[in-house]
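Okay, so here's the structure we're looking at.
The values are calculated or read from the model by the stated rules, or taken from the named source; none is laboratory data. Note that the coordinates shown come from a computational prediction; the quantities given were computed from them, not determined experimentally. As a convention, Cβ positions derive from the backbone with ideal geometry for all residues, glycine included, and neighbour counts pool all protein chains shown. Only protein heavy atoms, including side chains, enter the accessible area calculation; ligands, DNA and RNA are left aside. Shrake-Rupley method; radii C 1.70, N 1.55, O 1.52, S 1.80 Å.
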Amino acid sequence: MTALPGAVELTSPRPRATLRSTLRLVVVPLWTLLLLAGFAVARIGPGGAARGRRQVRRWARGLLRLLSIDVVVEGTPPTPPFFLVANHLSYLDIVVLLSELDTVFVAKREVRAWPVFGLGARAIGCIFVDRESRRDTVRVTDAMRRRLAEGAGILLFAEGTSSDGTTVLPLRSSLLELPAADALPVHTAALSYHTDPGDPPAAESLCWWGDMTFLPHLALVCRLGPSMARVAFGRTAVSGADRKRLAAELHTALLADFRPSGTR
């Protein structure tokens, strides 16, 4: 899969859009560093974990305001502890979902090295997985079980990669061994992005997939006008003792709530 030409650069950027991009590219990392420092301080002393979670949500909501991304929520977010599966469109998914959920993410190990977002992911305790290693899957399953026992929510992008937002890719079942073996109900969240007319469609801008590179893509996101992220939480959880069948049923549930990304 190759990146679309419009995914990293507008052919004739408007002066106002260029100024907006420059300001955001300066403010976004500063906001992240400021809130990470506040997160570290907030976690000190009794009640620190709860204060830290509030700080994370403050960071996510502030970042979305800086980028002019409105979040529209359909359905009711689950309450921790929970196991939730979402489709995956962009690194922005983490910000959008953290603005609405108290959760621990299971993310591919490459996320650790992302500028800005990788630092935040490490700070908030993401569980990183090497998806090519079966042995690492066992380690991550044990880590998820411990976090659930501590009362945390677990969020998994089970497609295993991000997409252009036209559909939900088939789900990988390897990391669904835990809810299958422990008879845990699995919640769903269907994500989509929508840009305003005059901006590139979401598949070429907000979605991050294929061969797109991080910094040019972030620069384009910073250049966009107002846009929207839609999160549709499933009305009922899905359960199953067979992880492959569970993956198929979760895929069906996500498709039922999914709306393709595009221009609103």
Exercise for the section: Kindly provide the set of residues from the range 105-125 that are modelled with pLDDT of 80 or more and touching a Leu at 6+ places or on another chain (Cβ under 7 Å), ordered by number. Expected result: F105, V106
Exercise for the section: Filter the range 227-239 down to residues that are over 11 Å from V71 (Cα atoms) and surrounded by fewer than 19 Cβ atoms within 10 Å (Cβ to Cβ), then give me how many there are. Expected result: 4
Handout entry: Residues of the range 240-264 that turn out to be under 18 Å from the mean Cα position of the chain (by Cα) and buried (at least 18 other Cβ atoms within 10 Å of the Cβ), as a count
Key = 6
Completion exercise
Output for Cβ contacts, cut-off 7 Å, separation at least six or different chains, first residue within 17 Å of I124 (Cα to Cα) in the range 148-163, second among the hydrophobic types (A, V, I, L, M, F, W, C) and open to solvent by 20 Å² or more (accessible area, probe 1.4 Å), reads I154/L148
Handout entry: Condition check for P115: touching a residue at least 40 places away in the same chain (Cβ under 8 Å) and surrounded by 21 or more Cβ atoms within 10 Å (Cβ to Cβ)
Key = no
Fill in the blank from the handout: Screening P170, P197, P216 for residues that are in a loop (DSSP other than H, G, I, E, B), under 22 Å from R24 (Cβ atoms) and open to solvent by 20 Å² or more (accessible area, probe 1.4 Å) leaves only P197
Exercise for the section: Within the range 235-243, identify whether any single residue is touching a residue at least 12 places away in the same chain (Cβ under 8 Å), under 19 Å from D93 (Cα atoms) and β-branched (V, I, T), and answer yes or no. Expected result: no
Problem - The listed residue being in a strand (DSSP E or B), buried (at least 18 other Cβ atoms within 10 Å of the Cβ) and touching a residue at least 24 places away in the same chain (Cβ under 8 Å), out of V106, V28 - result: V106
Practice task
Would you mention how many residues in the range 175-189 are surrounded by fewer than 22 Cβ atoms within 10 Å (Cβ to Cβ) and outside any loop (DSSP other than H, G, I, E, B)?
Solution key: 4
Exercise for the section: Scan the range 44-55 for residues that are open to solvent by 20 Å² or more (accessible area, probe 1.4 Å), out of contact with any Phe, Trp or Tyr (no Cβ under 6 Å at 6 or more places or on another chain) and either touching a residue at least 12 places away in the same chain (Cβ under 8 Å) or assigned to a helix (DSSP H, G or I) (or both) and jot them down. Expected result: A49, A50, R51, R53, R54
Handout entry: Selection from the range 133-153 of residues that are of a type in the set (A, V, I, L, M) and either touching a Lys or Arg at 6+ places or on another chain (Cβ under 6 Å) or open to solvent by 80 Å² or more (accessible area, probe 1.4 Å) (or both)
Key = V138, A149
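For (1) out of contact with any Asp or Glu (no Cβ under 8 Å at 6 or more places or on another chain); (2) open to solvent by less than 40 Å² (accessible area, probe 1.4 Å); (3) of a type in the set (G, A, S); (4) not in a helix (DSSP H, G or I), each residue gets a yes or a no:
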site	(1), (2), (3), (4)
L63	yes, yes, no, no
V73	no, no, no, yes
S90	yes, yes, yes, yes
I94	yes, yes, no, no
